[in-house]
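Student: Quick one: this structure, given as structure tokens, is what I'll be asking you about.
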Amino acid sequence: MFLHYLRFGRMADRNLLCLLIFIKLIVCWLVKTFYVPDEYWQSLEVAHRQAFGYGYLTWEWNYKIRSYVYPFVISIIYKTLAIFRLDSPEMIIFLPRLFQAMLSGFAEYRFSKWTQNDLTTVFLLMNPFWNYCATRTLINTLETSLTMIALSIFPWNEKDKHKSNFIWLVGFMFFIRPTAAIMWAPLCLYHVYIFKKSIIQLIKDYFFIGLCVSGIAIAIDSYCYGQLVVTPWEFFKVNVLTNVANHYGKQPLLWYLYSALPVFLLIKVIILPFVIRDIIYEKKLISKPLISLVIIVWTITIYSLLPHKEHRFILPLIPLLVYLITNFNYQTYVSEKLKNIIVFILLFINFGLLCYIGVVHQQGSTKIMHYLRYEIYNSQFDIDVMFLTPCHSTPFYSYVHQNISMEFLTCEPNLQNQDNYLDEADIFFNDPMAWLEKRYTNSTIPLFVVMYDNLASRIKGFIDNYHLVLSVFDSFHPSTNRGSNLYLYKFKYKTIPI
């Protein structure tokens, strides 16, 4: 049988850990596409500026709503590279991803030991969306890895109720991403429930650990910002009280149910209602599947009430979702042989999908930056680059590792509550030629320009000054301001200085 050869539970701990990390290193090498801007602009770019003194900080850092904890760790990696003169662009790009890949592999190991279910381990290992994100330097990826580790040390049984080590990880997750409190609130309440006979000790644990974590996180943030800062409070003031996230799009109430869950589970999502039914019929008030179901329902409900939605916001739920569907009593419906065939087909589909989203879809953003870096290193002129793309469509200084002039179309939200507000990117795409004429009336046009193919015909008068250096395929799914290919243009009339 296919699953007969996948006995993770019988492997020695060290062998299992090495295997899972090795698989994540392969995924790190395989996945080369762009997902969301935060992978770079909220981690690598921030760390690059912290370590090397130049780079770009988005508006969130000016309003102090982001924690430096994760970028600070990456900046230590960068500083170490610089000390040993190993800070090549390739190392600047790859080493943080390598760090995250190893952390994700360790998290999967801890999760495997917690579930004690080979099928759960296999499905998590081959989940295309998790693998798509698992080696990226996303705050959500870090949160998911820490969540898996915390779940594995959480005191699920009353006999373990005095173990409070998970609070350390929950505390850091809260500072790194305050919305982590949504998912962990039910589990912390459950911890209080089973700890009720030792409530004084519980208060001491939460208070002492919370105080230590807060002290460390506030110290890092205050050092990096240059003043005393409590980032969760600043996050609450800006993101919650002003609804600033709505600037980046609104989705319907049930979006997570009909969009996110199918993306996370693919066709396995059809099993979910049967799993929920079986858990409810068991009528066990305290069980890991029931608690997991409560966490999933609670978290999706709260996030659904927020207008702005993204798949990555509920990425930490993937392990629990996989755990639920692999605890389904398949023997009631299918034979062991058919189960193995279905698993094999699912793994084949998952691997094919991972190859598409990890290698093909939105590949242009990183490829064009690699080529641009080559042009920059070999240019005999002062370099300046203009990105005429939707804001944050590519990596930035962390991919060129050169202190040159680079500009892009910004998309800061309406923080001043202006009437009929349009950000810079909106203004540009409404009338690109008018914006270019105004922008470059009294200044020299840039040496390099990056744009999507569907913009070229709209700014022909401007592009006539350039020749096309590179066209890179990006996506089969173009949108209004994002084409199928990314173009790199170079100014025609620069001559080698005598």
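What follows draws every value from the coordinates through simple rules; no lab data is involved. Fair warning: this is a prediction, and the values are worked out from it, not measured in the lab. Note that each Cβ is placed from the backbone with ideal geometry, even for glycine, and that neighbours are counted across all protein chains shown.
Student: Which ³J(HN,Hα) values in Hz, rounded to whole numbers, follow from the phi angles of region 342-353 under the Karplus curve 6.51 cos²θ - 1.76 cosθ + 1.60, where θ = phi - 60° and Gly and Pro get x?
Tutor: 4, 4, 4, 5, 4, 5, 5, 5, 4, 5, x, 5
Student: Label points 7 Å out from Cα along the Cβ direction at Trp298 and Glu282: separation in nm?
Tutor: 1.8 nm
Student: Counting only helical runs of four or more DSSP H residues, what would the 222 nm mean residue ellipticity of the chain come to if each run contributes -39,500 (n - 2.57) and the total is spread over all its residues?
Tutor: -16000 deg cm²/dmol
Student: Under 12 Å from the Cβ of Thr366, count the other residues' Cβ atoms, weight Lys and Arg +1, Asp and Glu -1, and hand me the total.
Tutor: Combined, the nearby Lys, Arg, Asp and Glu give +3.
Student: Convert each backbone phi in region 445-455 into a coupling constant with the Karplus relation 6.51 cos²θ - 1.76 cosθ + 1.60 (shift: θ = phi - 60°), then list the ³J(HN,Hα) values in order as whole Hz, x for Gly and Pro.
Tutor: 6, x, 5, 10, 10, 10, 7, 7, 4, 6, 8
Student: Tell me, how many Å apart are the Cα centres for region 26-85 and for region 115-161?
Tutor: 23 Å
Student: Sticking with the crude label model, points 7 Å out along Cα→Cβ, report the distance from Ser335 to Leu415 in nm, one decimal please.
Tutor: Distance between label points: 6.5 nm.
Student: Can you run phi through the Karplus equation (6.51, -1.76, 1.60; θ = phi - 60°) for region 477-486 and list ³J(HN,Hα) in whole Hz, with x for Gly and Pro?
Tutor: Couplings: 10, x, 10, 4, 10, 10, x, 7, 10, 9 Hz.
Student: If you don't mind, another one. Could you grab the relative contact order for the chain? Cα pairs under 8 Å, six or more apart, rounded to a whole percent.
Tutor: Normalised by residue count, the contact order of the chain is 18 percent.
Student: For the charge dipole of region 267-398, defined by +1 on Lys and Arg C-beta atoms and -1 on Asp and Glu C-beta atoms about the Cα centroid, which residue among Phe396, Val275, Ile383 has the Cα displaced farthest towards the positive pole?
Tutor: It is Val275.
Student: Only bridges whose two residues both fall in the chain count here: according to DSSP, what percent of them are antiparallel, nearest 5?
Tutor: Approximately 60 percent, going by the DSSP bridge assignments.
Student: Can you list residues from other chains, or at least 5 along the same chain, whose modelled amide H is less than 5 Å from the amide H of Phe387?
Tutor: Glu407, Phe408, Leu409, Val450
Student: Take peptides 305-318, 350-363 and line them up by average Cβ neighbours within 10 Å, highest first, as a rough protection proxy.
Tutor: Going by the mean number of other Cβ atoms within 10 Å, highest first, we get 305-318, 350-363.
Student: Something else now. Taking Rg/Rh (Cα atoms, Kirkwood Rh) as the quantity of interest, determine which of [x] 0.97; [y] 1.20; [z] 0.99 was computed from the displayed structure.
Tutor: It is the one labelled [z].
Student: With axes computed from alpha carbons, what is the tilt in degrees of helix 272-282 against the longest principal axis of the chain, rounded to the nearest 10 within 0 to 90?
Tutor: So the inclination is approximately 30 degrees.
Student: On to the next question. Excluding Leu81 itself, calculate the net charge of residues whose Cβ lies under 11 Å from the Cβ of Leu81, where each Lys or Arg counts +1 and each Asp or Glu counts -1.
Tutor: Computed value for this residue: 0.
Student: Compute the distance in nm between two label points, each set 7 Å from the Cα along the Cα-to-Cβ direction, one at Arg14 and one at Ile83.
Tutor: In this crude spin-label approximation the distance works out to 2.8 nm.
Student: Next question, about the same structure. Under a Cβ-Cβ limit of 4.7 Å, which cysteines in the chain have nobody to pair with?
Tutor: Cys18, Cys28, Cys133, Cys188, Cys212, Cys224, Cys355
Student: A 27 angstrom limit on the alpha carbon distance is what I want to check against. Which of Lys113/Lys339; Lys113/Lys250; Lys438/Lys490; Lys32/Lys113; Lys163/Lys339; Lys163/Lys309 exceed it?
Tutor: Beyond 27 Å: Lys113/Lys250; Lys32/Lys113; Lys163/Lys339; Lys163/Lys309.
Student: Which residues' amide hydrogens lie under 5 Å from the amide hydrogen of Val469, considering only partners 5 or more residues apart or on another chain, with H built in the peptide plane?
Tutor: The list, which skips near neighbours in sequence, is Leu488, Tyr489, Lys490.
Student: To continue, here is another question. Round to a whole angstrom and tell me the spacing of the C-alpha centers of region 316-389 and region 255-276.
Tutor: What the calculation gives is 18 Å, centre to centre.
Student: Sorting check: for 31-43, 395-407, which peptide has the highest mean count of neighbouring beta carbons within 10 Å, and how do the rest follow? The partial results should precede the final answer.
Tutor: Values: 31-43: 21.1, 395-407: 18.3.
Ranking, from highest mean packing down: 31-43, 395-407.
Student: With +1 on each Lys and Arg Cβ and -1 on each Asp and Glu Cβ, and nothing else charged, work out how big the dipole of the chain is about its Cα centre, in Debye to the nearest 20.
Tutor: Working: 42 positive and 33 negative charges, 327 e Å.
The calculated dipole for the chain is roughly 1580 debye.
Student: Mind listing the long-range amide H neighbours of Phe34? Cut-off is under 5 Å, sequence gap 5 or more, other chains count too, H placed in the peptide plane at 1.01 Å from N.
Tutor: Under 5 Å from the amide H of Phe34: Gln363, Ser365, Thr366.
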